[in-house]
Each structure stands twice: as structure tokens, then as C-alpha cells.
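Presented below is the structure to which this report refers.
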Amino acid sequence: MKKKNLFFSAALAVTLATGLVACSSSDDDDSSNNNSSSSSNNQIDETNVVNDDASALSLVNGVYSHWQPLSSSFSFIIELNSNKLISFEGEESKEGPLNSRFEQAPDTWYQVKIFNHLLLGIAQDNEAITTISNSLRLGKVSQAGYNAAVGKAKFLRALAYLKLTQLWGEIPVFTEAGGSTTERQSIDNVLTQVVKDLTDAESLLLDYNGDPRIPSKQAAQALLARTYLVWGDNPLTAEQVAAIASTQTDPAFSKNDARLEKAVEYANKVISSGILALDPDYSKLFGREYESNKRGTNEHLFTIAHDGDRQDAQGNHQTHCSWTFPFQNGENGNGYKQNHTEVADDNLYDDWKAEQPKDKRLAETYFTELKNPETGLVHHYYSPVYTPINGKGVDQSYEDAENLEIKQNSVDRIEIRYAEVLLIKAEALVQLGRNSEAAEPFNQLRQRAGIATVSAPTFDQIKREWDYEFTYEQFSVLNSYRWKNLISSVQQVKNYKHFSDDWKSLATYTSDQEAYFQKVHNHLVAKYNNVRGRHYRQPIPKGLSGEDLGIAQNPGY
């Protein structure tokens, strides 16, 4: 799953060390030099320009090599650090199970991988912006070519900084104009940079043209809406995390109304463009046949392209991880193996079905039984045989796709859907006390799902709608950080079926299944016992080769 190639890791570690320093001063601790522009430090000549618009865009497209390996890796933090997912990826000492049990550390691979690749992508964005700016000055690229390339670079840089600060809090900020690669900046400073980059991208990029793989003006506006919602919920400072680091007490929720108003403003820009829309069929959102807006419905607003392991940096392993051994669940005379990621318990399916039995999204989110097309036999995913399967990790786009996509990893990762824009607007309005105004965007999602609409959604209904619409789409822990309910939400596992001590020894379908449910039980208990205030941050990791990056550690690690 991880493809942890040592040569690859070592090479990237060198790139990190050299690439980041090249974008700041020669001495990271010398702040007097960190604000000088790259154009004053370097003469523009034929060695630091590109020759045409296509080359400028190609230079920025190279940044995707740092995004593509992360598509499934985000789930190994964002979803495993929640009550919704557990991991049996190899031995219990491996990185997936460590995150599942809230035992991550600075050397846990998924934290190392995501943090370093996002920083590497930022360094490459910085270099691309400098080079393309030089090229514009020399007349090598057109204004339109500059706009497309630099707009994309700033869009990707903003997205990287947003992911980093959501997961790690205060982080270094460095751009083509300078900045330290080790000195941590306040979250306000980081998000100020995010807003600046996205505002620039909004002005540089063209309208959405139907291809979600290309950043657009509306995609930048959608990210601005997301950023202001995150910022509007007052992210915790390092000092606030330190105060609760060893406790199992959530901090108080607070908000900033002016920023929430900005979230509404930017969501409205996307909506009023009239370009984006909900796909009328929720079941058609996930899979290869729906990529690049093949249905022409314009719901996928920005996606990370994957072609498997051909020209891709890794492929989107979410399919592989969620669906590695679909018919080896001990039934019908077959063997038994555990998937790399597992739905945490039957209750996630049962509770949803009890609340909203007609919700069309439920069957796409959780698979409870499937027929093997080769044998005609039905396999079940429900205790005492198994737990439900994460359907969104499976290509659902063609007949028997869930069965034929087992070893493929070419499904694009969806970063932003139009549905998120509607829910951002609804949530920001509810937080502002304008609940009746929130009904219109909120009810669009419910109408598509086939469930009852409401006249004025409550905050609790908004939170639950995030689950209904976006479960396993890499929002879980990020929303818990915003709502300040990480500990209480994770500890909901005490109500799950397999949390009971009976499952330490309760006989199940086969002896292998018995071991499986013991693992489920152990992970649920570990989540309940281990989650702490420090988990409002991820640990600042090592470099890709295990080196110290020189960035101060987060509280409690």
C-alpha cells in the first residue's frame, strides 16, 4: 500500500533540503534576508526561464507528482483519526493501525509522507512562479500563459498550506519572495497567505470549463469559502492545545462572524456563476467512468488525476485499501483476509439507516452484501461475518465495477464537489444565526438524497449532513477540529456493537473472523482510551529519510 521505497525517500529528502533552502535565504535563521525577492537575488537569464506557454504550464504540472501519492494517504490520517474507520494494514505496529489507535508519532509514515510532500510541492510552486515571472518579463510567455500557470501554482500552494495548517497548526510559510522553512508562523499568518494565493488565483484563472482536473476561478472561490469556514471557527493555537494536550476534554467552540460572512460570500460567488450544479444521481459521483465530468453535470469542481501506476506517481490506492480482498471474508468456502482499512463498526450503517431509511446515499457509502460475478455467490459484510465496506473507496461507475476494480488504482481523487459549497454556505449561515436562509442550500442536498427537507436546519443537523454527504471523503477529523468535538466524537465508539467486552472472546463465523472482531474491539477500545487533546494536532514528522526538519514539535508529542 505505502510503496515506501528507500531510494525514492532518500532522493526526496535531498530535494526537500535543497529545494526549500533555495526558496529562502542561505541561512534559515537569518530573518533579515528572508524577505528579499528572488528577482533581486538572481539575474534573469536563459537558465531560469521557460520558452513558451506550454512549458510554463508543464513546469507547474510537475507539482502534481507530490499530490498524487497522497490521495489515499489523507484517509490514513483524516478518517482513521475519527470514529468512522479502523485499519488492519499489516501488523498492528504498522502505520495504519497506529493512526487507527491514536498512537501516531513523528516517525509514523503517513504523517511523514503527507507533510514532506506538501512542503516539496510548495517549494516547486515557488520555483515555478519565479521562473514563469522571469519568462513573462523577457517576453518568453504571454500574459495568458502566465495567468494559467501562475494561477494554478498559487491555487495548489494555497491548498497545500490549508491542508498543512488544518492538520499541523502553526507551520513555516515560505514563498517565492522568501520566508523561513523552519520558523513556525501563527495560523492567522498561514491563512492570510492562503487567502492571498487564492484571491490571486481567482483573478488569474478562467471560469470552470467542464474539466475538474484544471483549477478554475470557481474552484479558487470554493477553496476560499472552505478557508473562511475553517478560519471562522477559530482554529486552536499551540498554547490552547498545550493546555489540553494530556486531557480528554474538548475545548469550547468559538467563532468569528466576519470570517463566516466571507465564507458565505465566496460560496455565493460559486453558486451565482450558474456553472456548477449537483449531479441529479448521487450514485454517479464515484468512479472512472464519471471522471473529467464525463456526465456533463459539473459537480466535481476540482480533482486530482490518477491513471494507475503508468504515468502516475503512485495511483489512488483508496480503491486498493478499501477493497483489497472483497470475497475473502470466510464465506462460501473462501479464505479470509483483512482489508487495509475497515469501517469501524456496524453501527455506522445501522444508525444512519434508522435515522434516514430512505437516504439514497447510504447504499453508496456502505456495502453490506455483494455478488461475486465469477461464482454468482453472495458475500455479506455485517457481523458476525464482517463489518460493512467503504463503498466510496470503490469504483462504482460500471456494472460489477466493485468487483473488477480490486487491483486497480486509477480512480481520480475528488478534492472539491459543488455539494461542499452548498453545505459550507448552509453551515456558515447557521453559525451566524440565519438558519432559515440556510434551508435552501441545505435542502438541495436532502432533495437529491430523497429525504425530508427542513425549514431551518440546526447546527446538529448540519453536522450530521456532513456525515451523510461526505463520509469517507476525507473530512472527518478536520470537521472535528473545527467543531472542537474531537474527543467526544471519537468516544462515541463506546456505543458501538463491538466495543463490548463480549467481543474479546465471543465466537463468530469462523476462527479467523473471531480474531478479526477481536481486532475491531481492540481498536475501538484503543480509540476511546487513547484520544487526547494533543490529537487536535498531528506530530511534526521527520523528513522522508528520517532526518530532523528543524521545526518545533507540537504539544504533547
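The values are calculated or read from the model by the stated rules, or taken from the named source; none is laboratory data. From a predicted model like this one, the values you see are computed outputs, not experimental measurements. Neighbour counts are summed over all protein chains in view; Cβ atoms, including those assigned to glycine, are modelled from backbone coordinates with ideal geometry. In case anyone asks, the SASA skips ligands and DNA or RNA and just uses the protein heavy atoms, side chains included. Shrake-Rupley method; radii C 1.70, N 1.55, O 1.52, S 1.80 Å.
Can you match volume of the Cα convex hull per residue in Å³ to one of these, (i) 158; (ii) 179; (iii) 142, based on a calculation from the structure here? Of the listed options (i) 158; (ii) 179; (iii) 142, (iii) comes from this structure. At 222 nm, what value in deg cm²/dmol follows for the chain if DSSP H runs of at least 4 each add -39500 (n - 2.57) and the sum is divided by all its residues, to the nearest 500? One gets -14000 deg cm²/dmol as the mean residue ellipticity at 222 nm. For the chain, with all protein chains present and a 1.4 Å probe, just round the carbon and sulfur fraction of the accessible area to a whole percent. Exposed carbon and sulfur together represent 48 percent of the surface.
Qualifying chymotrypsin sites (Phe, Trp or Tyr not before Pro) in region 239-338, where qualification requires a DSSP coil assignment and no more than 15 other C-beta atoms within 10 Å, comprise F253. Using alpha carbon centroids, what distance separates region 213-273 and region 295-344, in Å? About 30 Å separates the Cα centre of region 213-273 from the one of region 295-344. Per residue, region 158-242 exposes 28 Å² of solvent-accessible protein surface, assessed with a 1.4 angstrom probe and all protein chains in place. As a calculated quantity, the FRET efficiency between T192 and K371 at R0 = 51 Å, using C-beta atoms, amounts to about 0.45.
Per the Debye formula with a single identical scatterer at each Cα and no solvent contribution, what log10 I(q)/I(0) holds for region 103-248 at q = 0.20 Å⁻¹? Reported log10 I(q)/I(0), two decimals: -1.27.
Just to confirm my numbers, what's the Cα centroid distance between region 522-557 and region 473-495 in Å? So the two Cα centres are separated by 16 Å. If you take all other residues with their beta carbon under 11 Å from the beta carbon of R259, and give Lys and Arg +1 and Asp and Glu -1, the sum is -3.
Each label point was placed 7 Å from the Cα along the Cα-to-Cβ direction; for Q143 and S273 their separation is 2.1 nm. Longest span of the chain, sites excluded, free of GluC sites (Glu not before Pro) in DSSP loop with at most 16 other C-beta atoms within 10 Å? Between exposed loop sites, the widest span is 104-373. Calculate log10 I(q)/I(0) of region 220-373 for q = 0.18 Å⁻¹, where I(q) comes from the Debye formula with a single equal point scatterer on each Cα and nothing for solvent. The Debye formula, applied to the Cα set alone, gives -1.27. Only beta bridges with both residues in the chain are counted; by DSSP, about 95 percent of them are antiparallel.
The H on the amide N of E369, modeled in the peptide plane, is under 5 Å from the matching H of Y381, each at least 5 residues off or on a different chain.
Accessible surface for region 70-131, divided over its residues, is 18 Å² per residue with a 1.4 Å probe.
Loop-located trypsin sites (Lys or Arg not before Pro) across region 416-471 with a Cβ neighbour count of 16 or fewer within 10 Å are R434, with loop assigned by DSSP.
Can you give the FRET efficiency to the nearest 0.05 for K255 and S505, using r as the Cβ-Cβ distance and R₀ = 60 Å? Using R0 = 60 Å, I get an efficiency of 0.80.
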